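Notes follow once the structure below has been shown.
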Amino acid sequence: MKLSINIDHVATIRQARGEKDPDPVVAALLCEQVGADGIVCHLREDRRHIQDRDVFILRDKLKTKLDLEMGASEEIIKIALQVKPDLVTLVPEKREELTTEGGLNVELQREHLKKTIDRFHEQNIAVSLFIEPNKKVIEISKLIGSDMVELHTGIYANAITSQDKKNTLSSISESAIFANSLGLRVNAGHGLNYENILPIVKLKTIYEVSIGFSIMSRAIFVGLDKAVSEMLTIVKGIKI
């Protein structure tokens with residue numbers, strides 16, 4: 001299983017004071033040096049954390065993979081086409097939310113999403129759709145040309161009872177198997193941490209997980225290099 005690390009929360013701290021530090025680009029390069037398979041950042045319309053300069057510098061400096069999360073708005077699409085990340089992950093975006101609250105409404109937005117996917121494909125940029133673990137949504141994602149899907153694990157991560165966790169994990173597993181059967185690569189993310197990641201790691205149908213908040217929270221106490229190493233050990237099952 002691959003591990004990509006979301007660096008948005010480093011930028012959140014920087015923007016809280018409007019200073020230059022901590023620099024999310026430096027954090028990304030350290031994550032990469034320790035062994036992360038890729039870096040994720042979300043360029044929001046309100047620029048609450050990641051800024052345009054971050055994305056362009058990341059594109060220039062990273063040696064692994066840059067996954068640019070973004071809403072499918074014209075402004076951000078134009079920037080992404082200039083940046084040319086390795087992967088674009090289209091996500092729903094509301095200005096009032098603290099973090100992404102769920103998957104895309106692919107059925108409602110299928111025409112707009114298809115046109116957006118086509119524009120990225122014209123520039124040889126791969127596209128993933130951030131969706132709920134739902135077979136119908138996965139099927140539509142395939143039909144409109146998505147290269148892969150990222151399954152939203154937030155409901156699983158926030159489940160209280162063991163039965164709820166079991167049910168949501170089962171839904172993720174079944175959805176991943178179905179997506180794979182359609183030829184879609186499957187990523188997963190949102191709310192994953194050092195404990196609830198373990199059952200996800202056991203799902204051999206998931207290619208990559210995207211984790212940010214729990215790693216950055218852990219890094220406050222043990223340092224970013226150790227926090228990343230610990231997660232890599234769990235995800236890959238080897239000592240880093």
**OP:** Within the range 27-43, identify whether any single residue is of a type in the set (S, T, N, Q), modelled with pLDDT of 95 or more and touching a strand residue (DSSP E or B) at 6+ places or on another chain (Cβ under 9 Å), and answer yes or no.
**Re:** no
Original post:
Of the residues that sit in the range 74-104 and are among the hydroxyl-bearing types (Ser, Thr, Tyr) and at pLDDT below 95, which one is surrounded by the fewest Cβ atoms within 10 Å (Cβ to Cβ)?
Top reply: Thr99
Original post:
Taking Ile206, is it in contact (Cβ under 8 Å) with a residue 40 or more places away in the chain, hydrophobic (A, V, I, L, M, F, W, C) and in a loop (DSSP other than H, G, I, E, B)?
Top reply: yes
Original post:
How many of the residues making up the range 117-131 are closer than 28 Å to Ser173 by Cα and buried (at least 21 other Cβ atoms within 10 Å of the Cβ)?
Top reply: 6
Original post:
Considering only helices (runs of 4 or more DSSP H) fully contained in the range 126-191, which possess at least 2 residues that are within 19 Å of His42 (Cα to Cα)?
Top reply: none
Subject >> Residue count, the range 213-231 (criterion: within 16 Å of the chain's Cα centre (by Cα) and either surrounded by fewer than 22 Cβ atoms within 10 Å (Cβ to Cβ) or over 19 Å from Met1 (Cβ atoms) (or both)) >> reply: 3
Original post:
For the range 192-203, what are the residues that are buried (at least 21 other Cβ atoms within 10 Å of the Cβ) and assigned to a loop (DSSP other than H, G, I, E, B)?
Top reply: Leu192
Original post:
What is the number of the single condition among (1) in contact with a Phe, Trp or Tyr (Cβ under 8 Å, 6 or more places away or on another chain); (2) at pLDDT below 95 that Asn196 does not meet?
Top reply: (2)
Original post:
Does Ala159 satisfy the criteria of being of a type outside the set (Lys, Arg), buried (at least 19 other Cβ atoms within 10 Å of the Cβ) and either farther than 24 Å from Asp37 by Cα or without any contact (Cβ under 8 Å) to a residue 40 or more places away in the chain (or both)?
Top reply: no
Original post:
Does any residue in the range 210-238 that is free of Cβ contacts under 8 Å to residues at least 40 places away in the same chain come within less than 6 Å, Cβ to Cβ, of a residue that is not in a helix (DSSP H, G or I) six or more places away or on a different chain, and which pairs are these?
Top reply: Ser214/Asn193; Thr233/Lys239; Thr233/Ile240
**OP:** Sort through Arg14, Arg59, Arg47 and tell me the only one that's surrounded by fewer than 22 Cβ atoms within 10 Å (Cβ to Cβ) and in contact with a Pro (Cβ under 6 Å, 6 or more places away or on another chain).
**Re:** Arg14
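The values are calculated or read from the model by the stated rules, or taken from the named source; none is laboratory data. What you see is a predicted model, and the numbers here were worked out from it, not measured in a lab. Glycine also receives a Cβ, built like all others from the backbone with ideal geometry; neighbour counts cover every protein chain displayed.
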